[in-house]
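Here the structure comes first, spelled out in structure tokens, and everything after it is commentary.
The values are calculated or read from the model by the stated rules, or taken from the named source; none is laboratory data. Quick caveat, the model's predicted, so the values are computed rather than measured. Every residue, glycine as well, gets a Cβ built from its backbone with ideal geometry; the counts of neighbours run over all protein chains shown.
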Amino acid sequence: MKCLSNQKGYSLAELVVSLPLSLLVFVILIIGVLNFLKTYEETKLFTQLQDELFMAIEIMRHGYATSSVTEGEGLIGLISAKQVTLDLTQSAVLIRSVQDTPALPYYSKFYIDQQGYLRVSGNYGTKSYNNVLIFPTGDKKINGKPRFKILNPVMTFYPIKSYEGRVSLLGINMEAQVRFREKRTEQSTADDIRMNTKKIKFETSVFIN
């Protein structure tokens with residue numbers, strides 16, 4: 001019996017020619033995966049920036065809660081304020097509660113520090129808390145620069161309407177930035193901001209009772 005079979009394979013020359021093409025495809029695949037991971041990480045951090053900034057605004061509206069001080073107390077926030085006072089640079093807002101008296105002060109103060117972080121201090125009668133970090137939720141830095149920070153520490157809070165010398169409608173304007181990576185040596189400041197950071201602007205207003 002005679003068996004016919006086709007045992008033709010690839011020659012050495014054909015393999016040598018196809019090797020660079022396979023390598024090119026592999027390199028393109030790796031670059032695509034790395035770009036995907038980079039984009040995914042940047043999107044995740046930018047979403048975190050938006051979420052944390054929104055949460056900070058909500059804490060200012062309703063008040064900061066900590067069990068050791070505010071438990072059993074009404075929170076002191078903008079929506080329950082008796083009176084609000086701004087500092088000269090409008091980077092801090094002092095919120096006084098209806099319970100506030102000279103003997104037993106009830107107030108909270110939100111302010112932006114030199115690093116571009118939003119913090120709060122408060123007094124509930126005989127109990128108090130100081131310099132609590134509100135935004136960002138963590139103090140992570142990249143080569144000494146904050147991962148998240150507020151870019152406009154001045155004129156952040158401003159009166160929109162006033163009645164008899166008291167603020168009745170308070171404006172809040174916050175521009176915040178996320179840093180994805182550190183600045184490379186060959187990058188200019190403008191290139192660093194364009195390629196390594198992204199920012200968001202949040203503007204709202206709150207009626208004061």
Of the residues in segment 36-64, how many are more than 13 Å from the chain's Cα centre (by Cα), over 21 Å from SER205 (Cβ atoms) and loosely packed, with under 12 Cβ neighbours inside 10 Å?
-> 4
Going by the structure shown, is SER68 modelled with pLDDT of 75 or more, more than 17 Å from LEU169 (Cα to Cα) and exposed (fewer than 10 other Cβ atoms within 10 Å of the Cβ)?
-> yes
Among (1) of a type in the set (A, V, I, L, M, F, W, C); (2) loosely packed, with under 14 Cβ neighbours inside 10 Å; (3) closer than 30 Å to TYR163 by Cβ, the one test that VAL84 misses | (2)
Only one of these conditions is not met by GLU14: (1) of a type outside the set (Phe, Trp, Tyr); (2) modelled with pLDDT of 95 or more; (3) more than 22 Å from ARG147 (Cα to Cα). Which number is it?
-> (2)
If only one of LYS109, LYS82 is charged (D, E, K, R) and more than 27 Å from LYS149 (Cα to Cα), which one is it?
-> LYS82
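How do the strands (runs of 3 or more DSSP E) wholly within segment 121-170 filter down when requiring 3 or more residues that are surrounded by 19 or more Cβ atoms within 10 Å (Cβ to Cβ) and at pLDDT 95 or above: which remain? Reasoning before the result, please.
Working: elements: 127-135, 148-150, 157-163.
Hits in segment 121-170: 148-150.
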Among the residues of segment 104-115, is any farther than 30 Å from GLN177 by Cα, modelled with pLDDT under 95, surrounded by fewer than 18 Cβ atoms within 10 Å (Cβ to Cβ) and among the aliphatic types (A, V, I, L, M)?
-> yes
Can you give me the number of residues within segment 173-192 that are assigned to a loop (DSSP other than H, G, I, E, B), more than 15 Å from GLU42 (Cβ to Cβ) and not polar (S, T, N, Q)?
-> 3
